[in-house]
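**Q** Have a look at this one before I ask anything.
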Amino acid sequence: MTGQLPYSEKVMDHFTNPRNVGEIVDASGVGIVGNAICGDVMKMYLKIENNIIVDIKFKTFGCGAAVATSSMVTEMVKGKSIAEALKITNQAVAEALGGLPIIKMHCSVLAEEALRSALKDYYKKQGLPVPLEDKGHE
Ligand code: FES
């Protein structure tokens, strides 16, 4: 915990110093997702070469946990294969951040969905079938 805040030091670190913020002009895939309840929006850009995510950037218009989870997910998938990226869950992102308060878990769902949305866009742009099921997150 960090002082009186219910956030781990890792969450605070990624919130105050987010990694991979920005956009990729010639992205291989772009995903944009939002949460209808809180109104937060996350946009993720992927650069994919030979099935490897060689670059990833994001823009998040949202709460601190949304910024921290976006930042963490970009760190987790950069340099990884698409297959490895597809295995990343919102729980894994939250765990990598040292945990999130229960009421902030939906923010990590947004990060997972943004990544999956960008991967879906990549498949569509390649003219390939999309091997991704909607997981039915709330
Ligand atoms: Fe909306 Fe965190 S409160 S994503």
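**Q** Report the full-extension gain for the segment VAL21 to ILE103: residue separation times 0.36 nm, less the Cα-Cα distance, to one decimal in nm.
**A** Taking VAL21 through ILE103 to full extension adds about 27.1 nm, to one decimal.
**Q** Rounded to the nearest 10 degrees, what's the angle between the helix 64-77 long axis and the longest principal axis of the chain, both from Cα atoms, 0 to 90?
**A** 40
**Q** With θ set to phi - 60° and the Karplus curve 6.51 cos²θ - 1.76 cosθ + 1.60, what are the ³J(HN,Hα) couplings of the stretch 83-91 in order, to the nearest whole Hz, using x for Gly and Pro?
**A** Couplings: 4, 5, 5, 5, 7, 6, 10, 5, 5 Hz.
**Q** What's the magnitude of the charge dipole for the chain around its Cα centre, counting Lys and Arg as +1 and Asp and Glu as -1 at the beta-carbon? Answer in Debye, nearest 20.
**A** Roughly 180 debye, rounded to the nearest 20.
**Q** Can you give the alpha-carbon Rg of the chain over 2.2 N^0.38 Å, where N counts its residues?
**A** The chain yields a ratio of 0.99.
**Q** Could I ask something else about it? What is the Å³ per residue value for the convex hull set by the Cα atoms of the stretch 1-65?
**A** Expressed per residue, the convex hull around the Cα atoms of the stretch 1-65 is 103 Å³.
**Q** Something else: What ³J(HN,Hα) values, in whole Hz, does the Karplus curve 6.51 cos²θ - 1.76 cosθ + 1.60 give for the stretch 52-59 when θ = phi - 60°, with x put for Gly and Pro?
**A** Couplings: 10, 7, 7, 8, 8, 9, 9, 9 Hz.
Readers should treat all values here as calculations from the given coordinates under stated rules, not as data from a laboratory. Bear in mind that the values here come from a model prediction, so they are computed numbers and not experimental data. Positions of Cβ are generated from backbone atoms using ideal geometry, with glycine treated the same way; all protein chains shown enter the neighbour counts.
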